[in-house]
Every structure is written in structure tokens, then in C-alpha cells.
Amino acid sequence: MLSGPSGVGKGTVINALKTLCPQLLGREISVSISKTTRKPRVGEEEAVHYYFTDRETFLADVEKGAFYEHAEYAGNLYGTPRAPIEEKINAGGVVVLDIDTQGAFQVRASGADAMLVFLLPPSMEELENRLRGRKTEAEEAICKRLTIARKECALAPQFDETVYNIEVETAAREICALIEKKLAQINE
Ligand code: 5GP
């Protein structure tokens, strides 16, 4: 599971990871696609970046137990669809989740054999530059995300591993190595 503040580059690092290690120790590495009530950003595609839905449908899915975990982040709901992740895990695969800290701790509390990795920015100044630089949020949303980011970074020590995203490929390689180490432990 990969968590980290908004703007730290989780999506970019996960894309690099998909290219660098599609398989590790014979296991397929795949990435979960979440459902969200957030509106799509320019360039975001249905079923590629997220499954976009409305609040009412999302809450009905929660009632049905359709989520592996779910959380509210900056006023929007996000959840990991349960069926695809269970299918992949049962087939011996590894699923990478890009989720917030609340979701990460829910998965840990469920007793799942998960590794919680926190992706840190080189500094809070750099995070603010990245968040502003991508121009996907309005000023109010940026401030909200920066406030959450400070709280989230304070939780980093509670994660199993922390990785700095100074350079995307290096961070992705570090995460591949961590997954490989965890798989080797499971295989022991
Ligand atoms: P964004 O709106 O920037 O795409 O995502 C905002 C936050 O929601 C990020 O921290 C991201 O990791 C998190 N997130 C995305 N999908 C999920 C999910 O399925 N569950 C949870 N708990 N958080 C998610």
C-alpha cells in the first residue's frame, strides 16, 4: 500500500513501478483502481485513473460491503473495490493500493498481510511547489490539501517503510525492492 500527501507523486511513482516491475518473484504486480466521488481532472479517464461515481451510489456500495476500505479525503469519498483485489490476491498476485493514511490503517487493522509504504516529499516547500505546479486544483483546494499533507506526513513513522520521492525512478526501484523483500519473507 502506498500512501503519501497529495502532490507527492504517488501516481507517477506507481506508473514507473508498473514498467519497472510488472512481476516479482513470479507474482504479477497490479494496481487497484479506486472509486471516487471526486470530479475527474482534465486528462483523467474512467476505469483508468478512477471509477467516477456520485455520493449516493458510493454510499449504497458501502452498505453492500463492496469496498475493501474507504475514506473521505478533502470532501470527497474514495474506496478500493473489494472484488478485483480479492480475485488478484487469491490468484497469487500483489496489488498496489494508492490510498490515504486512513485507508492504509483500515487495511492494517483488517489483519491483511499488507506492507504500508509512505512516500515523502523532499521537503514541504517542494510539495507545495508540486501541488501548485500541476495546476489541477483551485487555491482553496490546494490549501485544504496542504493542511491534510502536514498531518499525513506526521503519521509517516507509523508506516512499515518510508521512501523519499526525490527522483521518480529511484523511488519506484526502492519500492520494487521493498515488495521483493516482503515476498521473500512470505515465501520463507
Ligand atoms: P486525488 O484526489 O489526489 O486523486 O486523491 C486524494 C487522496 O485520496 C490521495 O491521498 C489518494 O491516495 C487517496 N485515495 C485514492 N484512492 C483511494 C482509495 O480507494 N481509498 C482511500 N482510502 N484513499 C484513496
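Read-outs: derived from the displayed coordinates by stated rules, not from any lab. Quantities reported herein were computed from a predicted structural model and do not represent experimental measurements. Every residue, glycine among them, receives a Cβ derived from its backbone with ideal geometry; neighbour counts consider all protein chains shown.
In the structure shown, the pairs 88/181; 39/135; 18/39; 10/135 are assessed against 18 Å; a Cα-Cα span above that value is assigned to 88/181; 18/39.
In a fully extended conformation the segment linking residue 62 and residue 113 would gain 16.1 nm over its present Cα-Cα distance, using 0.36 nm per residue.
For the chain, the C-alpha radius of gyration divided by 2.2 N^0.38 Å, with N the number of residues, is 1.00. Residue exposure proxy: 62, 48, 95, ordered by other Cβ atoms within 10 angstrom of their Cβ from fewest to most, comes out as 48, 62, 95. Normalised by 2.2 N^0.38 Å, where N counts its residues, the alpha-carbon radius of gyration of the range 47-146 equals 1.23.
The C-alpha atoms of the range 1-64 occupy a region whose extents along the principal axes are 41, 28, 21 Å, arranged from largest to smallest.
The convex hull defined by the C-alpha atoms of the range 99-186 has an orientation-averaged projected area of 6.4 nm².
Put in line by how crowded their Cβ is, counting other Cβ atoms within 10 Å and starting with the fewest, 155, 119 read 155, 119. Karplus-derived 3J(HN,Hα) values for the range 42-57, using 6.51 cos²θ - 1.76 cosθ + 1.60 with θ = phi - 60°, are 4, x, 7, 10, 4, 6, 10, 8, 8, 9, 8, 8, 9, 4, 4, 5 Hz; glycine and proline are entered as x.
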